[in-house]
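Below is one structure; the comments refer to it alone.
The values are calculated or read from the model by the stated rules, or taken from the named source; none is laboratory data. All values derive from a computational prediction rather than experimental measurement. So basically every Cβ, Gly included, is an ideal-geometry build from the backbone, and we count neighbours across all protein chains shown.
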C-alpha cells in the first residue's frame, strides 16, 4: 500500500498543528537559554538542625524533606533526582528543593542546608524545556521529538515527490548536512 501525496500533507499538517504550542515553547525557551536568559528564582536557604542522621535512601530523604518543607509552609516540588553523594535534589515546574550535607555523614554534628527556589515564569518554561516539569511534559516532550522527526520526514518526502522541488531539496539537505558536519568539526 502506498500513501498518496494528500495523505502525507494531511499527516504533516495535523501533527504540526497539534504540536505547535509545545514547539513554540521549546523554540522560545531554547533560544532565550542560548542567549543566556534563563529566568530567575527566589532562593531561600535554611540551616537544618533537627536531623540527627543523614538519610541513606531516597524514600528517607523524601520523608525528611517533606517534614522540613511543611514546617516552613512549603511543599515538596516535582520528583527527586539524586545528585552527588550527600545531596538530594527535587525538581519541579515551579520550584526546586535541595538538601545538602556540608560535612561527613558520620560526623557527630551534621551541617545540613536546605535550599528552596521558587521560579518565575521564564525559569518555569526553561524547566519544561529541560524535562524537569513533571510526567505530562516529559511524555509530551518525548512524543514531540518523535513527531517532529515524522513532520520533518513527511516534509522531505513531499518535497522529494514534487518534481519541481526535488533538485532544490537535495541542495537544501546537502547544505544543512554540511553545516552540521562543519559545526561538529570546528567545535
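If you take the residues in segment 56-86 that are surrounded by fewer than 15 Cβ atoms within 10 Å (Cβ to Cβ) and modelled with pLDDT of 85 or more, which one is nearest to the chain's Cα centre (by Cα)?
Taking the candidates together, the pick is 75.
Pick from segment 30-62 the residues that are out of contact with any helix residue (DSSP H, G or I) (no Cβ under 8 Å at 6 or more places or on another chain) and part of a strand (DSSP E or B): which of them is farthest from residue 95 (Cα to Cα)?
Restricting to residues being out of contact with any helix residue (DSSP H, G or I) (no Cβ under 8 Å at 6 or more places or on another chain) and part of a strand (DSSP E or B), the top hit is 47.
Filter segment 87-101 down to the residues that are surrounded by fewer than 19 Cβ atoms within 10 Å (Cβ to Cβ) and either in contact (Cβ under 8 Å) with a residue 24 or more places away in the chain or out of contact with any strand residue (DSSP E or B) (no Cβ under 6 Å at 6 or more places or on another chain) (or both), then identify the one that is farthest from residue 27 (Cα to Cα).
In this case the residue turns out to be 94.
Can you pull out the residues in segment 131-158 that are surrounded by 13 or more Cβ atoms within 10 Å (Cβ to Cβ) and within 24 Å of residue 32 (Cβ to Cβ)?
132, 133, 134, 137, 138, 140, 141, 143, 144, 147, 148, 151, listed by residue number.
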